[in-house]
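A.B. asks: The structure is given below, and queries will be raised subsequently.
The values are calculated or read from the model by the stated rules, or taken from the named source; none is laboratory data. Worth saying up front: this structure is predicted, and the values here are computed from it rather than measured. Virtual Cβ from ideal backbone geometry, glycine too; neighbours counted across all protein chains shown. Each accessible area value is taken on the protein alone, full model and side chains, heavy atoms only, with ligands, DNA and RNA left out. Shrake-Rupley method; radii C 1.70, N 1.55, O 1.52, S 1.80 Å.
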Amino acid sequence: MKIICVGRNYVAHAKELNNEIPDEPVLFMKPDSALLRNNDPFYIPEWTNEVHHEIELIVRIKKLGKNIDKKFANRYYSEIGIGIDFTARDLQNALKDKGLPWEKSKAFDFSAVICPEFVPVESLPDRNAIHFRLDINGKTVQEGNSALMIFSIDDIISHVSKYFTLKIGDLIYTGTPAGVGAVKIGDRLEGFLEGQKKFDFLVK
Ligand code: ZN
């Protein structure tokens, strides 16, 4: 399986990092070794001093697809989850400044947190306006709603599948809302999807 991530998919987040508003989805990937499951603790790697949290909605692909038309994109997933796209921002900025690929700062081991259980799309109050948030040590630090995405889930699936064949079990991290910031040892991260807690783990 592969993990496809969308960057800069919320206007307020693109602006907080002084990035332009993209006219097509900004894509990058993480390998399967990036997954952090089952509420396992996250260990800050020794080579970075600034790991940022990015809470994101995750789509799990359930059907093989290539060149998927946007109007059929909803047939390719039936479950939504949340997770974190951990980002070594200091390294990412250094690589961006040199015009180099971001991979090391984004795709490192355990940088892709995934909630233990996904929810069926039909159980959501509105599949086009999915609310999610991240609390750190009991305080809400990021809040998002998929209605505010620059590119909708269906747009993303259609765009991604032009370049990469989607396979059963592939995951798409759909971008983070504003409010990203550094985590520190001892932090407790709790993620909520429509008010229901979906992950809860510690930073070590
Ligand atoms: Zn992200």
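A.B. asks: Quick one: Debye curve from the alpha-carbon atoms of the chain only, equal weights, vacuum; give me log10 I(q)/I(0) at q = 0.08, 0.14 Å⁻¹ to two decimals.
C.D. replies: -0.24, -0.77
A.B. asks: Sorted by average packing, counted as other Cβ atoms within 10 angstrom per residue and highest first, what order do 93-102, 45-54, 73-82 take?
C.D. replies: 73-82, 45-54, 93-102
A.B. asks: Treating the beta-carbon of each Lys and Arg as +1 and of each Asp and Glu as -1, no other charges, what is the dipole magnitude of segment 78-122 about its Cα centre, to the nearest 20 debye?
C.D. replies: Approximately 380 debye in magnitude.
A.B. asks: Continuing with this model, one more query. Hey, with R₀ at 45 Å, roughly what FRET efficiency would D90 and N67 work out to, going by the Cβ-Cβ distance, to 0.05?
C.D. replies: Between D90 and N67 the formula returns 0.75.
A.B. asks: What is the dipole size for segment 1-102, taken about its Cα centre, with +1 at each Lys and Arg Cβ and -1 at each Asp and Glu Cβ, in debye to the nearest 20?
C.D. replies: Dipole about the Cα centre, nearest 20: 680 debye.
A.B. asks: Taking +1 at the Cβ of each Lys and Arg and -1 at the Cβ of each Asp and Glu, which of M29, G169, L148 sits farthest along the dipole of segment 3-202 towards its positive end, judged by Cα position relative to the Cα centre?
C.D. replies: Value computed over the given set: G169.
A.B. asks: Considering the options H159, S105, N38, tell which one lies farthest towards the positive end of the dipole of the chain, charges being +1 on Lys and Arg and -1 on Asp and Glu at the Cβ, about the Cα centre.
C.D. replies: My answer, from the dipole projection, is H159.
A.B. asks: On a 1.4 Å probe surface of the protein chains, which of F118, F110 comes out largest in accessible area, and what is the full order?
C.D. replies: These residues rank, largest area first, as F110, F118.
A.B. asks: Here's a follow-up. On a 23 Å Cα-Cα criterion, which of the cross-link pairs K162/K197; K139/K198; K2/K62; K62/K204; K2/K63 come out too long?
C.D. replies: Over 23 Å apart, Cα to Cα: K162/K197; K62/K204.
A.B. asks: Next question. Mind jotting down the distance between the C-alpha centroids of segment 1-61 and segment 81-116, whole Å?
C.D. replies: So the separation of the two Cα centres works out to 6 Å.
A.B. asks: So how much accessible area does L64 have, in Å² to the nearest 10, using a 1.4 Å probe?
C.D. replies: Rounded to the nearest 10, that gives 110 Å².
A.B. asks: Follow-up question, since we're still on this one. In square angstrom, what is the accessible area per residue of segment 3-202 with a 1.4 angstrom probe?
C.D. replies: For segment 3-202, the per-residue accessible area is 47 Å².
A.B. asks: Round to the nearest 10 and report in Å² the accessible area of R60, as given by a 1.4 Å probe over the protein chains' heavy atoms.
C.D. replies: R60 has an accessible surface of roughly 80 Å² with all protein chains in place.
A.B. asks: Note down the magnitude of the dipole of the chain about its Cα centre, charges +1 on Lys and Arg C-beta and -1 on Asp and Glu C-beta and zero elsewhere, to the nearest 20 debye.
C.D. replies: So the dipole magnitude of the chain works out to roughly 460 debye.
A.B. asks: Considering only protein heavy atoms and a 1.4 Å probe, what is the carbon-and-sulfur percentage of the accessible area of the chain?
C.D. replies: 49
A.B. asks: Could you check the simple spin-label distance between W102 and E194, using points 7 Å along Cα→Cβ, in nm with one decimal?
C.D. replies: 2.9
A.B. asks: Moving on. Spin-label point model (7 Å from Cα, Cβ direction): what's the E20 to A178 distance in nm?
C.D. replies: So the label points at E20 and A178 sit 2.2 nm apart.
A.B. asks: Just going by the charge dipole of the chain, with Lys and Arg at +1 and Asp and Glu at -1 on Cβ, which of F118, I84, N137 is farthest out on the positive end?
C.D. replies: F118
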